[in-house]
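Got a structure here, written out as structure tokens. Questions coming.
Here, each number is a calculation from the coordinates, and none is a lab measurement. Keep in mind that this is a model prediction, so the values were computed, not measured. Virtual Cβ from ideal backbone geometry, glycine too; neighbours counted across all protein chains shown.
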């Protein structure tokens, strides 16, 4: 690797750092910004890195590393309210910054996918709008409240009653009902893309904005990864297989592909202690409303 020294003054990058590395078998140039360059205010044990790559295509990669052994914060799930009790909707869509602010988040990412439900007044699906009714995909839980039950085919990310964070399929792990009830929180994604250091998904030319979460082999470190996409010449997205390899580069052994596309967003506390979106979501109207966020709080 070839490095040119990065010199940082709070709020200002004076020179750049350039790295020559390997991504999916292709050599590429890379520019990385330290978290101080935008003045992010994150707790002890949490760090942010923004990487710009030119090969194999333009990419903007946002990575948050959380030391799960540190005492600088704790993880919680924020979700929109259940609009119909025992009805089919499990949460309403909310702007992601509003969801994150509702739990006073220091950092947050989007997580679970969902299916839009029809408006009971019109019988039509309203699209991705705040207040829209959603059937959330897969297991979502916060404390004693199960927002969405486990669902076959969806992988989950959760913290058990002893504080250990895991990634996997609940059914495949033969979790007992007691252990499900004891989980402190849970969110879900489409499928696992990395297990025990092995990539689980095949190469593909399907490129999208992506959000992922990964764990180190000892489950002591969690990575949040957001890759911008659908923005030609700026950031054109990655496949699931490329996403898995990015998690591997970051030291993860296990990884899950969370909801992506226009939903992909990472929020961090800035220099004036307000939440700000760190990435550039793909939709021209801004970050898409979502039903669930995973948040780091004090």
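Need one number: convex hull volume per residue for the range 126-214, Cα atoms only, in Å³.
134
For the range 8-297, what does the relative contact order come out to in percent, with C-alpha contacts under 8 Å and a separation of six or more?
Working: 787 pairs, mean separation 67.7, N = 290.
Once normalised by length, the contact order is 23 percent.
Another question, then. With no solvent and one point per C-alpha, what does the Debye sum give as log10 I(q)/I(0) for the range 55-103 at q = 0.14, 0.19 Å⁻¹?
Log-scaled intensity ratios, in q order: -0.65, -0.84.
Here's another thing I want to ask about it. How far is helix 240-249 tilted off the main Cα axis of the chain, in degrees rounded to 10, range 0 to 90?
That helix lies at roughly 60 degrees to the long axis.
Express the Stokes-Einstein translational diffusion coefficient of the range 143-284 in µm² s⁻¹, to the nearest whole number, given a Kirkwood radius over alpha-carbon pairs, 10 °C and a viscosity of 1.306 mPa s.
D = 99 µm²/s.
Based on the alpha-carbon gyration tensor of the range 165-243, what equivalent-ellipsoid semi-axes (square roots of 5 times the eigenvalues) come out, in whole Å, largest first?
Semi-axes, largest first: 28, 13, 12 Å.
How many times 2.2 N^0.38 Å is the alpha carbon radius of gyration of the chain? Show your work: numbers first, answer last.
Working: Rg = 18.6 Å, N = 298, 2.2 N^0.38 = 19.2 Å.
So the chain has a normalised radius of gyration of 0.97.
Once label points are set 7 Å from the Cα along Cα→Cβ at both residue 298 and residue 124, what is their separation, rounded to one decimal in nm?
Label at residue 298, label at residue 124, 4.6 nm between them.
Whole percent per 5 Å bin, from 0 to the bin with the longest distance: what is P(r) over all C-alpha pairs of the range 209-286?
3, 16, 22, 21, 18, 13, 5, 1, 0
Give me the compactness ratio for the range 45-140, meaning the Cα radius of gyration over 2.2 N^0.38 Å.
In units of the globular-protein estimate, the range 45-140 measures up at 1.38.
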